1. Restricting attention to helices (runs of 4 or more DSSP H) lying wholly within region B:121-171, give those where 2 or more residues are at pLDDT below 70 and either closer than 19 Å to residue B:82 by Cβ or not aliphatic (A, V, I, L, M) (or both).
2. Enumerate the pairs (first residue in region B:99-126 and polar (S, T, N, Q); second residue anywhere and surrounded by fewer than 16 Cβ atoms within 10 Å (Cβ to Cβ)) with beta-carbon separation below 8 Å, excluding pairs fewer than 6 apart on the same chain, so at least 6 apart or on different chains.
3. Out of all the residues in region A:137-153, which are among the β-branched types (Val, Ile, Thr) and under 11 Å from residue A:167 (Cα atoms)?
4. In this structure, does residue B:91 turn out to be under 28 Å from residue A:193 (Cβ atoms) and in a helix (DSSP H, G or I)?
5. Would you mind finding the one in A:189, A:221, A:230, A:156 that is part of a loop (DSSP other than H, G, I, E, B) and either more than 10 Å from chain B (Cβ to nearest Cβ) or surrounded by 18 or more Cβ atoms within 10 Å (Cβ to Cβ) (or both)?
6. What are the residues in region A:192-203 that are more than 12 Å from every other protein chain (Cβ to nearest Cβ) and surrounded by fewer than 19 Cβ atoms within 10 Å (Cβ to Cβ), if any?
7. Test of understanding: among A:104, A:130, which residue is of a type outside the set (Asp, Glu) and either over 30 Å from residue A:146 (Cα atoms) or more than 28 Å from the chain's Cα centre (by Cα) (or both)?
Amino acid sequence: MLRTSRIARLLLLAVLLLAPLLFFSSSMRPHHDRITGLLQELVYPLEYVLHASITLAKRVWYGYIDLRDTAAANARLRVRLAKLQTRLQLYEEKNAESRRLRALLGLSQRSPIETVAAEVVAQAGSFPFLAVRVNRGSRAKVNVGMAVIGAAGVVGRVLRVGQRHADVQLLTDSGFYIDILVQRTRLRGMLRGNLHNCVLQMPQSADLRIGDTIVTSGLVGNFPKGLPIGRVVRISYEANNVAQQITVEPWVDYRQLEEVSILLQRSSVTQRIVSSGSWLHEGVR
Amino acid sequence: MRLVPSLTFLLHDNSKTYLQLLALLPLVFFQFSVTTLLLPSYVVCNLITVWVVFNAVLLRLPKALTLALLLALLLETHGAAPRGLYLCAYGTLVVVLHLFRGLIAWNMLSAWLTVIVSSELWVLVLEHISLAMPPTALLAHSQQYLLRLGVTCLAGYVLLKYTHTLTRRIH
């Protein structure tokens with residue numbers, strides 16, 4: 001009896017030791033199914049209550065008690081607001097000009113994208129699989145794969161969705177890939193998360209400099225073209241004399257992330273093909 | 001006066017299973033919401049591994065395995081970890097610990113701490129393999145990994161001190 005139980009345990013151990021081999025050869029993607037969805041819904045209320053209490057405490061402290069620097073900050077912000085309003089008027093003028101020129105050249109107009117604002121309520125996951133949880137889910141029409149942006153640029157992509165929350169895979173996650181453009185030279189490449197920053201492989205002949213801004217190409221995934229991602233901070237040449245590895249530091253600081261916007265558009269590849277190909281429009285008609 | 005409610009009943013083999021299952025929810029919540037608030041972003045304290053080790057040593061295999069796999073599933077609902085990573089890591093861990101628990105001198109503090117560190121190391125190795133990054137990345141993040149091992153070991157030590165009356169019964 002004892003022997004049978006021992007054999008059963010050893011068999012179980014063998015199966016469990018072999019399981020990683022199967023899983024390492026699988027798609028290796030994070031998953032979302034009914035069971036995990038249910039488990040998420042169970043934990044979320046606790047996280048939300050904690051977040052709400054902390055937010056309330058912060059609001060009371062900074063809104064009613066700690067007001068020492070408020071007047072100075074207010075004056076500083078008024079000056080900044082005036083500067084930004086001037087700059088905004090300039091951008092609006094440029095935008096209108098761009099629209100006119102695109103229409104003149106027969107290029108398709110970029111339609112405005114619907115967004116939903118969300119608050120970061122918790123850290124979902126820890127190093128090295130860092131993600132953040134936001135307080136908008138399927139009830140706010142958020143879906144898996146949607147692009148998430150912050151004030152400074154790209155934050156990540158929606159990984160899984162609950163009814164009232166969603167997990168966002170961060171740009172720096174090692175499983176995150178995004179098609180990019182170097183803003184100055186318009187070179188295209190594939191950026192990959194590298195835990196604390198991102199890396200990009202380019203041929204050695206590619207013209208890149210420290211400080212270059214990297215933006216989304218808008219070709220693959222749900223990110224529209226031109227969203228800022230980060231800047232080049234390091235260029236290292238590989239021993240094979242063929243490639244160079246570029247380290248990109250994201251503009252968004254994930255440690256201080258509080259609010260994000262989720263772009264409510266999906267399968268932009270198809271959308272782009274349809275909207276950019278006028279012949280397709282006519283064909284469809 | 002005890003400020004922290006007793007948790008030791010959760011580590012008894014004949015405790016109510018539903019209570020042991022329910023206890024996993026606050027544990028996961030504590031892991032992802034409270035420790036992240038208390039600790040700097042580069043420090044990770046893996047309470048899950050500590051709890052799995054305690055369960056594997058103190059409970060029967062079916063119960064310990066069920067709890068560990070449920071914890072792994074809960075862990076996989078957080079973050080961007082690949083599918084099945086923690087199921088494999090914690091499933092294997094529980095079975096191995098169960099097989100060898102009779103050979104370890106649990107009356108020694110160092111035995112507990114060694115088991116906790118080795119278990120966390122196993123989880124770290126699987127995590128790192130799943131990242132599919134070049135070996136140099138291991139060196140780049142070695143400080144963070146060492147810190148994680150140390151903090152998890154410390155969490156294990158605190159829990160061990162807290163439950164010493166319970167863990168004494170298996171000596």
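1. The qualifying helices (runs of 4 or more DSSP H) are B:135-140, B:164-167.
2. Hits for this filter: B:107/B:168; B:107/B:171.
3. Those that are among the β-branched types (Val, Ile, Thr) and under 11 Å from residue A:167 (Cα atoms): A:142, A:144, A:148.
4. Yes; evaluated as a whole, the condition is true for this residue.
5. A:221
6. From region A:192-203, those more than 12 Å from every other protein chain (Cβ to nearest Cβ) are A:198, A:200, A:202-203; that's our starting set.
Hits for region A:192-203 are A:202, A:203.
7. Among A:104, A:130, only A:104 is of a type outside the set (Asp, Glu) and either over 30 Å from residue A:146 (Cα atoms) or more than 28 Å from the chain's Cα centre (by Cα) (or both).
Condition check ((1) exposed (fewer than 11 other Cβ atoms within 10 Å of the Cβ); (2) modelled with pLDDT of 85 or more; (3) of a type in the set (D, E, K, R)) across all residues:
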| site | (1), (2), (3) |
| --- | --- |
| A:47 | no, no, yes |
| A:64 | yes, no, no |
| A:96 | yes, yes, no |
| A:123 | no, no, no |
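The values are calculated or read from the model by the stated rules, or taken from the named source; none is laboratory data. Because the structure is predicted, anything quoted here is derived from the model rather than measured. Backbone-built Cβ (ideal geometry, glycine too); neighbour counts: all protein chains shown.
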